[in-house]
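**Student:** The following block contains the structure, expressed as structure tokens.
Each value in this text was obtained by applying a stated rule to the coordinates, not by laboratory testing. A quick note: this is a predicted structure, and the numbers were derived from the prediction, not measured. Cβ: placed from backbone, ideal geometry, glycine included. Neighbour counts: every protein chain shown.
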Amino acid sequence: MSASDIHVVILAAGQGTRMKSRIPKVLHRLGGKSLIEHVLGVAQVVNPATITMVVGHEADSIRLFVGERPNIGWVLQEPQLGTAHALQQTEPRLAAKQGTLILLSGDVPMLEAATLQRLVHTHQTARAAATVVTAVVERPYGYGRIVRTRGRIARIVEERDASPVVRQIREINGGIYAFDLAPLFDALRGIASQNAQGEYYLTDLIAIYRRRKLRVETLLVDNPQEIRGINSRTELAEVSRIVRQTKNEELMAAGVTIIDPATTYIDPDVQIGPDTVIHPSVAIEGQSRIGAACEIHSNVRIVDSEIADKAVIQNFCLILGSRIAESASVGPFAHLRPESVVGEGAKIGNFVELKKTTLGPGSKANHLAYLGDATIGAKVNVGAGTITCNYDGTSKHPTVIEDGAFIGSDTQLIAPVRVGKGAYVAAGSSITEDVPSGALGIARGRQTNVAGWVERKKTQPKD
Ligand code: UD1
Ligand code: CA
């Protein structure tokens, strides 16, 4: 344990009343991740010796969501009497430690790694007792205001307790701080709850420190968006828009064409190669990777999938957990369910559903098909209306179609079944047995033509 150790505390016990939600605020999602994942992610950059999560409202669901991790400790705040009271709950865990405590707010998800590193640096080099992250904003409404005397921070006043003059101040408290552990827990005991909300405000610590002649610093961030707090659904939507815009701009700078950034929803972890064109109303989510020179047409949603170079995704496709190889074409109106693979140059046409199915290179399923639990080789032609009957009501069975096979339209392949290399299946067949390589499988009723039937029907007397 050394004086340069860093201990992170994340406050996440509040109810988040303004969200009007049964889900705890920090589990709401922003850019494909929960708020708390954003905060935990940035916390890692300072290489903390410990992380302490303060939870209260819906504590169990937050804990379950985050899971047990080696350096994370959990502290319960019950009831929730304010941010100072929340920090006080970590005393048993941290009082014996020394070094710097970094306090993060579970509802401030956009903080950048570089800012957090700068906070540690500023705080430690100034040997401050506290350092407050601040920003100057156009609309300070709702935030604590930084009151300065002779240029130095004197105190923080919450919106509800602020006089009209203080409300004019546009420098706000980001709710992110560095504290020297030595004087902290003793000073917290000096905080009272005589304010508009009857809560123990952590922000009162600043005036206490100034009275005790302890050094308080501020770190002003240039981009106030970084310290935006999320308290309502409106704020969640606003911040989501900023996250999206940042991602879109990053991709465009790297050579991706985004026709309408306002309707393009790409999660932060998604990678896209240059010269790929993204049409309006597209969502690309999770850990998806899109190659170069692809074309993703309108109204497509891609989740956790990999799409190689020069692939084309036509309009209205849903692609989940799948892989699409180079120069393949999918859609319009295709549904790729998890674990599907579309081979190089292969084609999936309209109203085709794939589930756990591999379609080999150059193969085609151009119209109206369901292919589930199937392994399909190279250069196979799957005719319109083909269905793998993979489910017998109890279990799922595989279908294998070998290279170069031709499956006539409106075929049912009743699994488990195999169609051999280069085999043909006649249109309208219900295939219940394997078709050997090079054979024609035909399984349908024979046609009978009744000569002169139409003429006879016309001359028949009506009754
Ligand atoms: C707080 C600050 C305000 C600052 C703003 C920045 C105080 C008193 N006010 O206001 O100066 O501008 O953040 O976003 O600190 N929490 C608990 N236990 C509690 C109360 C809150 O864990 O008893 C947690 C919340 O879950 C949340 C965080 O602390 O993650 C901040 O609480 P919140 O009620 O959102 O404070 P603000 O009103 O936003
Ligand atoms: Ca807040």
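**Student:** Summing -39500 (n - 2.57) over the DSSP H runs of n ≥ 4 in the chain and dividing by its residue number, what mean residue ellipticity at 222 nm do you reach, to the nearest 500 deg cm²/dmol? If you can, show how the numbers build up before the last one.
**Tutor:** On the way: 10 runs with 87 residues, N = 463.
Calculated at 222 nm, the ellipticity per residue is -5000 deg cm²/dmol.
**Student:** For the ranges 216-223, 67-74, what's the packing order if you count other beta-carbon atoms within 10 Å of each residue, average per peptide, and put the highest first?
**Tutor:** Details: 216-223: 16.9, 67-74: 11.5.
Final packing ranking: 216-223, 67-74.
**Student:** Taking every DSSP beta bridge that has both residues in the chain, what percent is antiparallel when rounded to the nearest 5? Can you show the working numbers first?
**Tutor:** Numbers: 19 of 106 bridges.
For the chain, the DSSP antiparallel bridge percentage is about 20.
**Student:** I would also like to ask the following. Could you sort the peptides 208-214, 111-117, 418-424 by per-residue average Cβ neighbour count (10 Å cutoff), highest mean leading?
**Tutor:** On the way: 208-214: 15.1, 111-117: 17.6, 418-424: 19.1.
Descending packing order for the listed peptides: 418-424, 111-117, 208-214.
**Student:** If a/c stays under 1.5 just call it rounded; otherwise compare a/b with b/c (prolate if a/b is bigger, oblate if not). Do that for the stretch 143-204, with a ≥ b ≥ c from the square roots of the Cα gyration tensor eigenvalues. List each step's numbers first, then the result.
**Tutor:** Working: a/c = 2.13, a/b = 1.32, b/c = 1.61.
Oblate, since a/c reaches 1.5 and b/c is not below a/b.
**Student:** Using a 10 Å cut-off around each Cβ, can you sort His123, His367, His57 from fewest to most neighbouring Cβ atoms?
**Tutor:** Values: His123 25, His367 16, His57 19.
Ranked by crowding around the Cβ, least crowded first: His367, His57, His123.
**Student:** Using the Cα centre as the reference, give the magnitude of the dipole from point charges on the C-beta atoms of the chain (Lys, Arg: +1; Asp, Glu: -1; all else neutral), rounded to the nearest 20 debye. Let's see the in-between values first.
**Tutor:** On the way: 51 positive and 47 negative charges, 192 e Å.
Dipole magnitude for the chain comes out near 920 debye.
**Student:** Let me ask something else. With a ≥ b ≥ c taken as the square roots of the eigenvalues of the C-alpha gyration tensor of the stretch 396-452, please select rounded if a/c is under 1.5 and otherwise prolate if a/b is larger than b/c or oblate if it is not? Please report the intermediate quantities before stating the final value.
**Tutor:** Details: a/c = 2.95, a/b = 1.86, b/c = 1.59.
It comes out prolate by the Cα gyration axes.
**Student:** Give, rounded to the nearest 20 debye, the magnitude of the charge dipole that the stretch 263-365 has about its Cα centre when Lys and Arg contribute +1 at Cβ and Asp and Glu contribute -1 at Cβ. Write down the numbers at each step before the final one.
**Tutor:** Values: 9 positive and 12 negative charges, 81 e Å.
With only Lys, Arg, Asp and Glu charged at Cβ, the dipole is about 380 debye.
**Student:** Also, quick follow-up: Set Lys and Arg Cβ to +1 and Asp and Glu Cβ to -1, take the dipole of the chain about its Cα centre, and tell me which of Ser430, Ala311, His335 lies farthest positive.
**Tutor:** His335
**Student:** Could you work out how much longer the chain between Glu339 and Ile442 gets when fully extended? Use 0.36 nm per residue separation minus the Cα distance between them, nm to one decimal. Please list the in-between numbers first.
**Tutor:** Working: separation 103, 0.36 × 103 = 37.08 nm, distance 3.07 nm.
Full-extension gain reported as 34.0 nm.
**Student:** Three principal axis extents, largest first, for the C-alpha atoms of the stretch 344-461, in Å?
**Tutor:** That works out to 60, 34, 29 Å along the principal axes.
**Student:** For the peptides 442-450, 400-408, what is the packing order when you average, over each peptide's residues, the other Cβ atoms within 10 Å and list the highest mean first?
**Tutor:** 400-408, 442-450
**Student:** Quick one: P(r) of the stretch 326-374 from all Cα-Cα pairs, 10 Å bins, percents rounded to integers, in order of increasing distance.
**Tutor:** Using 10 Å bins, I get a P(r) of 34, 63, 3 for the stretch 326-374.
**Student:** Two decimals is fine: what's Rg over Rh for the stretch 213-365, C-alpha atoms, Kirkwood radius as Rh? Don't skip to the answer; put the middle values down first.
**Tutor:** Working: Rg = 18.7 Å, Rh = 16.5 Å.
Value, to two decimals: 1.14.
**Student:** Could I ask something else about it? Rounding to the nearest 20 debye, state how big the charge dipole of the stretch 67-129 is about its Cα centre with +1 on each Lys and Arg Cβ and -1 on each Asp and Glu Cβ.
**Tutor:** Taking the Cα centre of the stretch 67-129 as origin, the dipole is about 300 debye.
**Student:** Is the C-alpha gyration tensor of the stretch 83-192 telling us rounded, prolate or oblate? Criteria: a/c under 1.5 is rounded; beyond that, a/b larger than b/c is prolate, otherwise oblate.
**Tutor:** On the way: a/c = 1.71, a/b = 1.42, b/c = 1.20.
Prolate, because a/c is 1.5 or more and a/b exceeds b/c.
**Student:** Per residue, how big is the convex hull around the C-alpha atoms of the chain? Give it to me in cubic angstrom, could you? Spell out each step's value before the answer.
**Tutor:** Numbers: hull volume 108.6 nm³, N = 463.
It comes to 235 Å³ per residue, whole-number rounded.
**Student:** By count of other Cβ within 10 Å, fewest leading, how are Val342, Val54, Val66 ordered? Walk me through the numbers before you get to the answer.
**Tutor:** Values: Val342 30, Val54 26, Val66 20.
By the 10 Å Cβ count, ascending, the order reads Val66, Val54, Val342.
**Student:** Exceeding 21 Å between C-alpha atoms, which entries from my cross-link table qualify? They are Lys247/Lys355; Lys347/Lys379; Lys364/Lys421; Lys25/Lys247.
**Tutor:** Values: Lys247/Lys355 31 Å; Lys347/Lys379 10 Å; Lys364/Lys421 16 Å; Lys25/Lys247 23 Å.
The answer is Lys247/Lys355; Lys25/Lys247.
**Student:** Another question, if that's okay. Would you work out which of Gly175, Ile62, His397 lies farthest towards the positive end of the dipole of the chain? Charges go on Cβ: Lys and Arg +1, Asp and Glu -1.
**Tutor:** Ranked along the dipole, the leading option is Gly175.
**Student:** I need Cys389, Cys317 ordered by Cβ neighbour count within 10 Å, fewest first.
**Tutor:** On the way: Cys389 17, Cys317 23.
The most exposed by this proxy come first: Cys389, Cys317.
**Student:** How much net charge surrounds Asn195 when only the other residues with a Cβ under 10 Å from the Cβ of Asn195 are counted, with Lys and Arg +1 and Asp and Glu -1? If you can, show how the numbers build up before the last one.
**Tutor:** Working: positive: Arg160; negative: Glu158, Asp161, Glu199, Asp204.
Combined, the nearby Lys, Arg, Asp and Glu give -3.
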